[in-house]
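Let me begin by presenting the structure, written as structure tokens, before commenting on it.
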Amino acid sequence: MIGHVLRRLAGMLLTLAAASLLIFGAMYAAPGDPVSFLIGDPENVTPERIEAVRAEYHLDEPLLVQYGLWASGALTGDLGTSYQYNAQVADLMLARLPATLSLVGYAAVLFTVLGVGLGALAAVRRGGRTDAAVTGGTVLAASVPSFVLALALISVFSVRLGWFPVTGLGEGLLGRIHHLTLPAVSLSLGALAIVSRVTRQSMVEQFELEHVAAARASGIAERHIVRRHVLRNALGPVVTMCGLVTASMLAGTVVVETAFGISGIGSLLVDAINTFDFPVVQAVLLCMVAAYMAVTTLIDLVHPLLDPRVRLEGSRA
């Protein structure tokens with residue numbers, strides 16, 4: 001187990017290093033020049049001023065030298081200085097991180113509880129009207145883009161009915177839940193469809209196994225069979241999918257945060273792209289990649305603990 005953990009961590013570090021190089025190279029090759037934004041006043045655009053700004057921000061160095069300076073700083077927690085805000089990128093991200101984590105956490109609770117519940121209901125009522133309704137509803141939900149759903153929710157529940165605020169985070173726990181309900185629903189609907197279908201399929205496979213038939217033949221109540229023998233053994237793929245979807249949501253908050261005016265990591269990324277604030281873009285993308293890799297690695301390590309069959313197959317291998 002220790003060897004497996006070390007191999008996974010080493011692979012994660014190598015992948016993160018490769019991803020950081022790709023992110024930095026993409027910013028280097030992106031159209032537009034941050035020098036014009038750094039200078040500001042067009043009247044100050046002179047060859048001498050341009051050279052001075054390039055030298056100050058090391059923009060006159062070769063690509064590998066710039067990457068080395070940025071990567072060495074990132075290893076020590078120094079993600080650079082924002083061109084737009086003239087502040088440390090790490091401080092900007094830490095200030096906006098709670099809003100994004102609150103939104104992702106709220107959405108994760110919604111799609112996990114509702115997705116697993118609907119999937120289990122469809123599996124228990126498989127072949128009937130309930131199964132067809134859940135399957136059809138989740139397919140429809142997965143086909144609606146998050147920005148379309150966000151605009152529809154704002155129009156109905158904020159503008160017309162006035163039940164929820166349009167923007168902001170609110171004060172206190174209840175205020176934050178009230179303000180983040182519509183954004184969380186917009187973010188979680190597509191994920192809910194995925195989790196419900198994975199739950200249904202995994203439980204249907206468990207219903208067809210011999211030990212479930214043996215449990216029925218022994219006279220065990222159906223609700224105990226579903227809870228102890230079907231749902232419990234089907235949790236491995238479901239937990240894996242919930243973790244992967246949650247990790248991917250860190251990048252999916254961009255659209256929702258922009259639509260609802262939430263000052264999170266996603267909106268910070270959009271503002272940085274629009275203003276050629278390359279240090280912020282690089283840092284946000286790198287943190288998104290690192291978060292996704294950390295969550296997927298954690299899932300890979302926890303999965304054998306949830307499903308003994310996976311642990312047994314790994315020991316045999």
Here is a list: V270, V281, V239. Which entry is within 30 Å of A19 (Cβ to Cβ) and surrounded by fewer than 17 Cβ atoms within 10 Å (Cβ to Cβ)? V270
Residue set A142, A99; condition touching a Gly at 6+ places or on another chain (Cβ under 7 Å), in contact (Cβ under 8 Å) with a residue 60 or more places away in the chain, under 27 Å from V245 (Cβ atoms) and among the aliphatic types (A, V, I, L, M); output residue A99
Take the conditions open to solvent by 70 Å² or more (accessible area, probe 1.4 Å) and within 25 Å of the chain's Cα centre (by Cα) and apply them to R197. Does it pass? yes
Just one of L182, L244, L192, L231 is in contact (Cβ under 8 Å) with a residue 12 or more places away in the chain, closer than 18 Å to L110 by Cβ and either surrounded by fewer than 21 Cβ atoms within 10 Å (Cβ to Cβ) or of a type in the set (D, E) (or both); which is it? L244
Which number in (1) modelled with pLDDT of 85 or more; (2) open to solvent by 50 Å² or more (accessible area, probe 1.4 Å) marks the one condition that V148 misses? (1)
All conditions in (1) farther than 26 Å from G168 by Cα; (2) at pLDDT 80 or above are true of V302 except (2)
Which listed residue is at pLDDT 85 or above, aromatic (F, W, Y) and surrounded by 13 or more Cβ atoms within 10 Å (Cβ to Cβ), from F157, F207: F157
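One line per residue, one yes/no per condition, for (1) under 24 Å from the mean Cα position of the chain (by Cα); (2) open to solvent by less than 50 Å² (accessible area, probe 1.4 Å); (3) under 29 Å from G243 (Cβ atoms):
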| position | (1), (2), (3) |
| --- | --- |
| Y57 | no, no, no |
| E61 | no, no, no |
| A71 | yes, yes, yes |
| S82 | yes, yes, no |
| V89 | yes, yes, yes |
| M93 | yes, yes, yes |
| L103 | yes, yes, yes |
| L114 | yes, no, yes |
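The values are calculated or read from the model by the stated rules, or taken from the named source; none is laboratory data. In this text, all values refer to a predicted model and were calculated from it rather than measured experimentally. Positions of Cβ are generated from backbone atoms using ideal geometry, with glycine treated the same way; all protein chains shown enter the neighbour counts. Protein only, heavy atoms only, side chains kept; ligands, DNA and RNA dropped before computing areas. Shrake-Rupley method; radii C 1.70, N 1.55, O 1.52, S 1.80 Å.
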